[in-house]
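Worksheet for the structure shown next.
The values are calculated or read from the model by the stated rules, or taken from the named source; none is laboratory data. Bear in mind the structure is a predicted one, so any value in this text is a computation, not a measurement. Cβ placement follows ideal geometry from the backbone for every residue including glycine, while neighbour counts extend to all protein chains displayed. To get the accessible areas, we keep the full protein, side chains included, count just its heavy atoms, and leave off ligands, DNA and RNA. Shrake-Rupley method; radii C 1.70, N 1.55, O 1.52, S 1.80 Å.
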Amino acid sequence: MQEQEILQKVKEVVAERLGVEIERITPQARYQEDLNADSLDVVDLVMAFEDAFQVKIPDSEAGRIKAVQETVDYLKEALEGKA
Amino acid sequence: MHSQRVVITGIGVITSIGQNKEEFWQSLAQGRSGVTQISAFDPSSLPVRIASEVKDFHWKDYFTSKEANRLDRFTQFALAAAIQAAHDAKIQEGGEDVGVIVGSGVGGLGTLLDQEEVLSQRGAERVSPFLIPMMIVNAACAQIAIHFRAQGYSSAPVTACASSLHALGEAFQVIKRGQARLIIAGGGEAPIVPLAMAAFANMKALSFRNEEPQGASRPFDLYRDGFVMGEGAGILILESLESALERRAHIYAEILSYACTTDAYHISAPEPSGQAVVCMIKKALKEAALSPQEIDYINAHGTSTPLNDKIETMALKEVFQDQAYAVPVSSTKSMIGHLLGAAGAVETIATLLPLDRGIIPPTINLEHPDPDCDLNYVPQRAISGEVKCAMKLSYGFGGHNACLILRRFEG
């Protein structure tokens, strides 16, 4: 999966779970600070990424996923590892 | 501090027959039933397939989709009703002297069941982190406090079908003793889910009149066979008279007294002599300094179960003696079904209709008088009448009884 493709899908998941307009979801956007998520929203987001990308994100890694680009980087790595 | 007088200055309500005060009052005056075949899910495998559902709930008037996803249906109803009530009372932000007392009977049962299915189908890792904050019975109370930044007194009474009348009573007492200036009080409930429908049916608490939904809730009728499950919320703004006068708020009624007692007899059956209810009504009359003759209207608990309606009638006769046959007593559950923990607050709003507008809501479907239920239940059609003082009664599984006495405000 190409990075652009991953980014687009991440944006869609974030838009759906956090109820924000897709234009606000830039690569730099941080979930809690910029997109108004609370700590439970972030847990929920990680679960939604797992479902959408069919990957397992261990708790030890989930802490790294605080912004859109970090999520894309992590997923890219995970998907490559899987392939 | 001297004791404060307490008045009602705002109303919010969500039911099957009205999603705001005006719609609700109009439907009550017209004697409309909100009971139909269940539409929220396929009920065909259930013994009871009828309920009083809130259809086409206008949630978008109150929440964003993200907010709605984080609130169980019972909290959505309660928060929507609270937003209406605050708007009606023309209040904005909370503060340290503003409280919230909002109860529920069963809380977020729908969310709990959805997540139980996730657990069994997809495993523990897929269970939503929002399950607990959505299902806890105090979620409605907390979400209302958060919405209005109400930082004063809060609690969430749980006394089954008396929950929200206990909430109003507690709010009355807290304001009366000066611990809060204003309280957002009432209850919300959303119990129309297959598990609860099956469980209440197996208790033989529900009406099995599947073929005749609108005639199923028939309090005090000889052929009543159980209650009809309902859903929704009722929220009232209670405040000190001083505060209401200062704000020049519209006052629907003054609360004169509140009493509660306990059967201490059985976890679901009412105590057969009704003595705890008799004792409660006497206490409430005494606190209000009223004689039984001064009560002009009673909104009964009137569930439409064989036992409740008979024992409630007996208790009223014991307290009111000859006057019992004259005073109008109606059960608005005949139209909206039984909203469990939200019933007391929604029916208090029904009790404000005669106080505010002089229209006494009927007990619909009362066609065949029961020799054991021989009071003036305002059968079939609303009547107009001068109502100065009114009484609201609620009883819950567990033997919890609550009573509120209201008076039209005349300065």
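The figures follow:
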{"read-out": "Calculated FRET efficiency for the pair A:Glu61/B:Ser273, C-beta based, R₀ 45 Å, to 0.05", "value": "0.10"}
{"read-out": "Within chain B: Cβ-based charge dipole about Cα centre, in debye rounded to nearest 20 (Lys, Arg +1; Asp, Glu -1)", "value": "520"}
{"read-out": "Selection from B:Phe130, B:Ala82, B:Ala269 lying farthest towards where the dipole of the protein assembly as shown points positive, charges on Cβ", "value": "B:Ala269"}
{"read-out": "Other protein chain Cβ atoms within 10 Å, averaged over every residue that makes up B:133-140", "value": "0"}
{"read-out": "Dimensions in Å of region A:30-83 - Rg and Dmax from alpha carbons", "value": "10.8, 34"}
{"read-out": "Unit charges at the beta carbon, dipole of region B:257-407: most positive-side option, B:Ile336, B:Ile298, B:Thr351", "value": "B:Thr351"}
{"read-out": "Order by protection proxy (mean Cβ within 10 Å, highest first), peptides B:19-31, B:228-240, B:153-165", "value": "B:228-240, B:153-165, B:19-31"}
{"read-out": "Those residues of region B:368-408 whose amide nitrogen sits under 16 Å from the label point placed on B:Arg5, 7 Å along Cα→Cβ", "value": "B:388-390, B:405-408"}
{"read-out": "Karplus-derived HN-Hα couplings along region B:101-111 (A = 6.51, B = -1.76, C = 1.60, θ = phi - 60°), whole Hz, x at Gly and Pro", "value": "10, 9, x, 7, x, 10, x, x, 4, x, 5"}
{"read-out": "The protein assembly as shown, Cα convex hull volume normalised per residue, Å³", "value": "153"}
{"read-out": "Point-charge dipole on Cβ atoms (K/R +1, D/E -1) for region B:6-247, about Cα centre, debye to 20", "value": "120"}
{"read-out": "Contour excess over end-to-end distance, with Cα ends at A:Glu80 and A:Ala48 and 0.36 nm allotted per residue", "value": "9.6 nm"}
{"read-out": "Stretchable slack from B:Thr36 to B:Glu67, in nm (0.36 nm times residue separation minus alpha-carbon distance)", "value": "8.3 nm"}
{"read-out": "Other-chain or far-sequence residues with amide H under 5 Å of B:Val228's (modelled H)", "value": "B:Ser207, B:His338"}
{"read-out": "Separation in nanometres of the label points that stand 7 Å from Cα toward Cβ, at B:Arg126 and B:Glu212", "value": "4.5"}
{"read-out": "Mean ellipticity per residue at 222 nm, deg cm²/dmol - from DSSP H runs of n ≥ 4 across chain A, formula -39500 (n - 2.57)", "value": "-20000 deg cm²/dmol"}
{"read-out": "Kirkwood hydrodynamic radius of region B:6-247, from inverse mean 1/r over distinct Cα pairs, in Å", "value": "18.7"}
{"read-out": "For chain B, fraction of C-alpha pairs farther apart than 35 Å, in %", "value": "20"}
{"read-out": "Value at 222 nm in deg cm²/dmol, rounded to 500, when DSSP H runs of n ≥ 4 in chain B each add -39,500 (n - 2.57)", "value": "-10000 deg cm²/dmol"}
{"read-out": "Point-charge dipole on Cβ atoms (K/R +1, D/E -1) for the protein assembly as shown, about Cα centre, debye to 20", "value": "1020"}
{"read-out": "Kirkwood hydrodynamic radius (C-alpha pairs) into Stokes-Einstein, region B:1-101, 10 °C and 1.306 mPa s, D in µm²/s", "value": "99"}
{"read-out": "Members of A:Lys11/A:Lys66; B:Lys55/B:Lys392; B:Lys310/B:Lys333; B:Lys204/B:Lys283; B:Lys90/B:Lys333 lying beyond 21 Å, as alpha-carbon distances in this model show", "value": "B:Lys55/B:Lys392; B:Lys204/B:Lys283; B:Lys90/B:Lys333"}
{"read-out": "Estimated distance in nm for a label pair at A:Glu16 and B:Ala326, the labels positioned 7 Å out from Cα along Cα-to-Cβ", "value": "6.7"}
{"read-out": "Accessible area expressed per residue, chain B, with surrounding protein chains retained (probe 1.4 Å, Å²)", "value": "38"}
